[in-house]
1. Pick from A:84, A:67, A:56: which is surrounded by fewer than 20 Cβ atoms within 10 Å (Cβ to Cβ), out of contact with any helix residue (DSSP H, G or I) (no Cβ under 7 Å at 6 or more places or on another chain), within 10 Å of chain B (Cβ to nearest Cβ) and not in a loop (DSSP other than H, G, I, E, B)?
2. Would the range A:53-60 turn up any residue that is modelled with pLDDT of 90 or more, among the small types (Gly, Ala, Ser) and more than 12 Å from the chain's Cα centre (by Cα)?
3. Among the residues of the range A:89-109, which ones are over 13 Å from residue A:23 (Cα atoms), at the interface with another protein chain (Cβ under 7 Å from one of its Cβ atoms) and open to solvent by 10 Å² or more (accessible area, probe 1.4 Å)?
4. Contact list please: Cβ distance under 7 Å, first residue in the range B:75-102 and polar (S, T, N, Q), second residue crowded, with 18+ Cβ neighbours inside 10 Å and modelled with pLDDT under 90, pairs at least six apart or on different chains.
5. Just one of (1) out of contact with any helix residue (DSSP H, G or I) (no Cβ under 8 Å at 6 or more places or on another chain); (2) crowded, with 19+ Cβ neighbours inside 10 Å; (3) within 30 Å of residue A:8 (Cβ to Cβ) trips up residue B:33, so point out which.
6. Only one of these is closer than 18 Å to residue B:105 by Cβ and among the hydroxyl-bearing types (Ser, Thr, Tyr): B:27, B:20, B:60. Name it.
7. Please pick out the residue among B:43, B:52 that is closer than 26 Å to residue A:108 by Cα and either open to solvent by 70 Å² or more (accessible area, probe 1.4 Å) or facing chain A (nearest Cβ under 10 Å) (or both).
8. Given the options A:10, A:29, name the one that is within 14 Å of another protein chain (Cβ to nearest Cβ), open to solvent by less than 30 Å² (accessible area, probe 1.4 Å) and over 13 Å from the mean Cα position of the chain (by Cα).
Amino acid sequence: ETGVTQTPRHLVMGMTNKKSLKCEQHLGHNAMYWYKQSAKKPLELMFVYNFKEQTENNSVPSRFSPECPNSSHLFLHLHTLQPEDSALYLCASSQRTSGRGEQYFGPGTRLTVT
Amino acid sequence: AQKITQTQPGMFVQEKEAVTLDCTYDTSDPSYGLFWYKQPSSGEMIFLIYQGSYDQQNATEGRYSLNFQKARKSANLVISASQLGDSAMYFCAMREPAIQGAQKLVFGQGTRLTINP
């Protein structure tokens, strides 16, 4: 596969469930990002990983727990979510400091919390 | 703080016409980059075009061009000869200075473009 992949594409979970979102990039990048996109809101940056090190956590509630085992994989572990967490979760990757800094996105996971 | 403003929530254009999507930005950093992304209903954000603050010429990529007016702090996207497949959300974004390595982007609210047959 090429580019950035995300699984699952759709997820419905109850508020007491635990689930994980997976992101994989095949672009040789070394920075990865999680974004949340809610209806009628701009993209909200959640987490930034740079060479597997978390460099940014934008005041995200602890019910979202990221994990970056290597520079190609990124996970978002979810537990005890709220209905307002329903959104499109997008993963992206980029080169760390060189180049233009454009980010390449995966197709997203559409999450519904019931 | 850097900020991106897209003032057009929605645009409706006839097929084959050209369309301009507005974007203004605010930054005190002399070195910055501007991006446009397309998001179809499938959800994926697709990178379209880039303009660097020191680039002498406006960026072009196929049917996409960027009307960069530095003094006015605007970076409008122009799509020539629009097609039905151009119907999507379009986001303008700016690169923030890299802190601890990773370069971050700040996005505007987006413009929903609808191409009518």
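The values are calculated or read from the model by the stated rules, or taken from the named source; none is laboratory data. Keep in mind it's a predicted model, so treat the numbers as computed, not measured. Using ideal geometry, Cβ is built from the backbone for each residue, glycine included, and neighbour counts are taken over all protein chains shown. Side chains included, ligands, DNA and RNA excluded: accessible areas come from the protein's heavy atoms. Shrake-Rupley method; radii C 1.70, N 1.55, O 1.52, S 1.80 Å.
1. Working: A:84 fails: within 10 Å of chain B (Cβ to nearest Cβ); A:67 fails: within 10 Å of chain B (Cβ to nearest Cβ).
After applying the criteria, what remains is A:56.
2. The initial filter retains those residues of the range A:53-60 that are modelled with pLDDT of 90 or more, namely A:60.
Then keep just the ones that are among the small types (Gly, Ala, Ser); that gives none.
Within the range A:53-60 (the criterion being modelled with pLDDT of 90 or more, among the small types (Gly, Ala, Ser) and more than 12 Å from the chain's Cα centre (by Cα)), the answer is no, since none of the residues qualifies.
3. Applying the first criterion (over 13 Å from residue A:23 (Cα atoms)) to the range A:89-109 yields A:94-103.
Subsequent filtering for residues that are at the interface with another protein chain (Cβ under 7 Å from one of its Cβ atoms) retains A:94, A:96-97, A:100-103.
Scanning the range A:89-109 gives A:96, A:97, A:100, A:102.
4. Listed by first residue and then by second, the contacts come to B:100/A:50.
5. (3)
6. Values: B:20 fails: closer than 18 Å to residue B:105 by Cβ; B:60 fails: closer than 18 Å to residue B:105 by Cβ.
When all the criteria are applied, what remains is B:27.
7. Details: B:52 fails: closer than 26 Å to residue A:108 by Cα.
Of B:43, B:52, the one residue that is closer than 26 Å to residue A:108 by Cα and either open to solvent by 70 Å² or more (accessible area, probe 1.4 Å) or facing chain A (nearest Cβ under 10 Å) (or both) is B:43.
8. On the way: A:10 fails: open to solvent by less than 30 Å² (accessible area, probe 1.4 Å).
Unique residue meeting the criteria: A:29.
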